[in-house]
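J.: Sending over a structure as structure tokens; questions will come in a sec.
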Amino acid sequence: MTAVLRLFWNICLLRDGPETVPTHTWFLASLIAAELAMGVVLSAVLYPGLSLPLWFNMALINLAVTASIAWFALYLRNSEPRFPATLGAILGTEILIDAMGALALSATSGVAQRTTGWILTVWSITVIGFILHRALATRLWVGILLSFSAGLLGTFIALALLGDLILAGTAV
């Protein structure tokens, strides 16, 4: 367990790439479940006025969009076999960053909370960009641009699908 945490932490620090991540189906399934759970926890910290189904759907949309963009980019580069390791690296690092985010954001408020949120967002975009850069064998800025685009697209899709429910929940 500590070896897996160390692996994902090293990827978060941009030391290791996705090629070192295990690709067993059971491992990826457990990472997907853990990332959805951490996404719900982080959403609960960020948006306490919303309900569990909304938190879950927001996490699911973010995960689906990020995985889709990663797969499509790998498909365009004829590198689909790298997808399981790439997805595993994205999920594992996001679990760590989401856990740190939930702890840090629940312990702060006001300007400190917003600053912490921005720092974690930039770090997450950078880490996913690094993973995509390594998986696609391209320049780092391309990976970061793909990562930023995935985050932005995920937000737009979540707002398009859940916007009225999110606004109703935050107005209460």
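The values are calculated or read from the model by the stated rules, or taken from the named source; none is laboratory data. Just so it is clear, the structure is predicted and the values come from calculations on it, not from any experiment. We place every Cβ from the backbone using ideal geometry, glycine too, and count neighbours over all the protein chains shown. Heavy atoms of the whole protein, side chains included, go into the accessibility calculation; ligands, DNA and RNA do not. Shrake-Rupley method; radii C 1.70, N 1.55, O 1.52, S 1.80 Å.
J.: Looking at (1) in contact with a helix residue (DSSP H, G or I) (Cβ under 9 Å, 6 or more places away or on another chain); (2) surrounded by fewer than 16 Cβ atoms within 10 Å (Cβ to Cβ); (3) part of a helix (DSSP H, G or I), find the lone condition where T108 falls short.
T.: Condition not satisfied by T108: (3).
J.: Within the range 17-28, restricting attention to residues that are open to solvent by 50 Å² or more (accessible area, probe 1.4 Å) and part of a helix (DSSP H, G or I), which residue is nearest to L140 (Cα to Cα)?
T.: Out of the qualifying residues, it is E19.
Conditions (1) more than 26 Å from L74 (Cβ to Cβ); (2) at pLDDT below 95; (3) under 14 Å from the mean Cα position of the chain (by Cα), marked per residue:
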| site | (1), (2), (3) |
| --- | --- |
| W26 | no, no, no |
| A34 | no, no, yes |
| G39 | no, yes, yes |
| V45 | yes, yes, no |
| L50 | yes, yes, no |
| M58 | no, yes, yes |
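J.: Of the residues that make up the range 163-172, is at least one surrounded by fewer than 20 Cβ atoms within 10 Å (Cβ to Cβ), modelled with pLDDT of 95 or more and out of contact with any His (no Cβ under 9 Å at 6 or more places or on another chain)? Even if it seems obvious, please write down each step before you answer.
T.: The first filter runs over the range 163-172 and keeps only residues surrounded by fewer than 20 Cβ atoms within 10 Å (Cβ to Cβ), leaving 163-172.
From what's left, modelled with pLDDT of 95 or more: none.
No, that holds for no residue.
J.: Still on this model: Name, by its number, the condition in (1) under 27 Å from S51 (Cα atoms); (2) modelled with pLDDT of 95 or more; (3) open to solvent by 30 Å² or more (accessible area, probe 1.4 Å) that does not hold for W141.
T.: W141 satisfies all of (1) under 27 Å from S51 (Cα atoms); (2) modelled with pLDDT of 95 or more; (3) open to solvent by 30 Å² or more (accessible area, probe 1.4 Å) except (1).
J.: On to the next question. Restricted to the range 92-105, and to residues that are under 11 Å from A34 (Cα atoms) and aliphatic (A, V, I, L, M), which residue is surrounded by the most Cβ atoms within 10 Å (Cβ to Cβ)?
T.: For the range 92-105, the residue satisfying everything is I95.
J.: Any idea which of L31, L14, L46 is under 22 Å from L146 (Cα atoms), open to solvent by 40 Å² or more (accessible area, probe 1.4 Å) and in contact (Cβ under 8 Å) with a residue 60 or more places away in the chain?
T.: On the way: L31 fails: open to solvent by 40 Å² or more (accessible area, probe 1.4 Å); L46 fails: under 22 Å from L146 (Cα atoms).
Result: L14 is the single residue among L31, L14, L46 that is under 22 Å from L146 (Cα atoms), open to solvent by 40 Å² or more (accessible area, probe 1.4 Å) and in contact (Cβ under 8 Å) with a residue 60 or more places away in the chain.
J.: Among the residues of the range 1-9, is there at least one that is closer than 15 Å to G92 by Cβ, in a loop (DSSP other than H, G, I, E, B), open to solvent by 30 Å² or more (accessible area, probe 1.4 Å) and at pLDDT below 95?
T.: Scanning the range 1-9 turns up at least one residue that is closer than 15 Å to G92 by Cβ, in a loop (DSSP other than H, G, I, E, B), open to solvent by 30 Å² or more (accessible area, probe 1.4 Å) and at pLDDT below 95.
J.: Sticking with this structure for a sec: Could you please let me know if V127 is hydrophobic (A, V, I, L, M, F, W, C), assigned to a helix (DSSP H, G or I) and in contact (Cβ under 8 Å) with a residue 60 or more places away in the chain?
T.: yes
J.: When you scan the range 114-136, do you find a residue that is open to solvent by 70 Å² or more (accessible area, probe 1.4 Å) and within 17 Å of A67 (Cα to Cα), even just one?
T.: yes
J.: Looking for whichever is open to solvent by less than 20 Å² (accessible area, probe 1.4 Å), among the hydroxyl-bearing types (S, T, Y) and either touching a residue at least 40 places away in the same chain (Cβ under 8 Å) or over 12 Å from A135 (Cβ atoms) (or both) here; the options are S51, S79. Which one fits? Talk me through it step by step, then tell me what you get.
T.: On the way: S51 fails: open to solvent by less than 20 Å² (accessible area, probe 1.4 Å).
Going through S51, S79 in turn, the sole match is S79.
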